[in-house]
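Contents: one structure, followed by commentary.
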Amino acid sequence: MSWHLFAVFFASTFFISATPGPNMLLAFQYGMNYGVKRTIWTLAGLSLGLFILLLSTLLGLDVISRQSPWLLTVIKAVGAAYLIYLGISSWRDASEGSLMSDACEIGEEVVAD
């Protein structure tokens, strides 16, 4: 890959990751619900995910899948297991309630008075 192409790729990736989206909304929600200390771990996970995405893109996932199809299957299985873990974690957190829902209930009580 030429340096010019890499510079364009890097710049576009930077601007795409800096725009508001699901990651920024997740960080914002965690910051409000759980505080800064627990949000740092979320930000670390988001950064690690972005790093893995960039690394797999730069190495060429297509090349990996052509050279070792079993590795692509492993990547898919790990990704699916992670999504299942996130779904179960979100489901459990929703049943326990969050600070944001508690704050909304308190606000409704104040308005009712």
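None of the figures in this text is laboratory data; all of them are computed from the coordinates on show. Because the structure is a prediction, the values reported are computed rather than measured. Backbone-built Cβ (ideal geometry, glycine too); neighbour counts: all protein chains shown.
Rundown of residues vs (1) touching a residue at least 12 places away in the same chain (Cβ under 8 Å); (2) more than 16 Å from Leu86 (Cβ to Cβ), yes/no style:
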{"site": "Ala7", "(1), (2)": "no, yes"}
{"site": "Thr13", "(1), (2)": "yes, yes"}
{"site": "Ile16", "(1), (2)": "no, yes"}
{"site": "Met24", "(1), (2)": "no, yes"}
{"site": "Ala27", "(1), (2)": "yes, no"}
{"site": "Ile40", "(1), (2)": "no, yes"}
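If you check Asp93, Asp62 for being among the acidic types (Asp, Glu) and surrounded by 11 or more Cβ atoms within 10 Å (Cβ to Cβ), only one passes: Asp93. Scanning the stretch 19-54 for residues being aliphatic (A, V, I, L, M) and surrounded by fewer than 10 Cβ atoms within 10 Å (Cβ to Cβ) gives a total of 1.
Do the conditions hold for Leu86, that is, is it without any contact (Cβ under 8 Å) to a residue 24 or more places away in the chain, loosely packed, with under 11 Cβ neighbours inside 10 Å and of a type outside the set (Gly, Ala, Ser)? Spelling it out, Leu86 is indeed without any contact (Cβ under 8 Å) to a residue 24 or more places away in the chain, loosely packed, with under 11 Cβ neighbours inside 10 Å and of a type outside the set (Gly, Ala, Ser).
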